[in-house]
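Every read-out reported here was derived from the displayed coordinates using simple, explicitly stated rules and does not represent laboratory data. Since we're looking at a predicted model, the values are computed, not measured. Cβ atoms come from the backbone with ideal geometry, glycine included; neighbour counts cover every protein chain shown.
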Amino acid sequence: MTEQPCPCGSGKKFKACCNLYLSGQAYPKMAESLMRSRYSAYAMGNLAYLRKTWHPETYPGFNADDLETQWTRLEVIKSKAGLKKSVVEFKAWYTENDQEHVIHEISLFKLYKKRWVYLEPLPSWPQADQ
Ligand SMILES: [Zn+2]
């Protein structure tokens, strides 16, 4: 598996990309890398990593059954890095009953205990003060 292309679509091998984060060898320094690694965690059903990278205030407490979705592709559309908050807009494709679906989200990430974590989806891009 580690020789395979990374699920996040970076073009790198998994072992040289999100596996560094999913295995705990490193922690993403940028919100966009965190977002990509969280996509890989969804794609691989790594619940522990999703929990670790979710802000405790908004963590939904889901279980492994919620990770059955077949994720097929990720596209990061736009990201904006801030000092304490970052925003990443992405599309993620998945298949269900042989149909392809897409999720389009603008995600808010926050610095929490000096690490980027996922906070919540936003209805639209925030104003420039973010
Ligand atoms: Zn990756």
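Given (1) more than 28 Å from Q4 (Cβ to Cβ); (2) surrounded by fewer than 17 Cβ atoms within 10 Å (Cβ to Cβ); (3) touching a His at 6+ places or on another chain (Cβ under 9 Å), identify the lone condition not met by K110.
Only one criterion is unmet by K110, namely (2).
Just a yes or no: is a residue in region 52-68 under 10 Å from the mean Cα position of the chain (by Cα) and within 12 Å of the ligand (Cβ to nearest atom)?
no
Determine which single condition V102 fails, assuming it passes every other condition in (1) crowded, with 16+ Cβ neighbours inside 10 Å; (2) within 22 Å of L122 (Cβ to Cβ).
It is condition (1) that V102 fails.
Picking from S79, S23, S10, S37, which residue would you name as being within 14 Å of the ligand (Cβ to nearest atom) and either hydrophobic (A, V, I, L, M, F, W, C) or closer than 21 Å to L119 by Cα (or both)?
Details: S79 fails: within 14 Å of the ligand (Cβ to nearest atom); S23 fails: either hydrophobic (A, V, I, L, M, F, W, C) or closer than 21 Å to L119 by Cα (or both); S10 fails: either hydrophobic (A, V, I, L, M, F, W, C) or closer than 21 Å to L119 by Cα (or both).
Answer to the check: S37.
Hey, among S107, S124, which residue is small (G, A, S) and in contact with a Phe, Trp or Tyr (Cβ under 9 Å, 6 or more places away or on another chain)? First the steps, then the outcome.
Numbers: S124 fails: in contact with a Phe, Trp or Tyr (Cβ under 9 Å, 6 or more places away or on another chain).
On inspection, the qualifying residue turns out to be S107.
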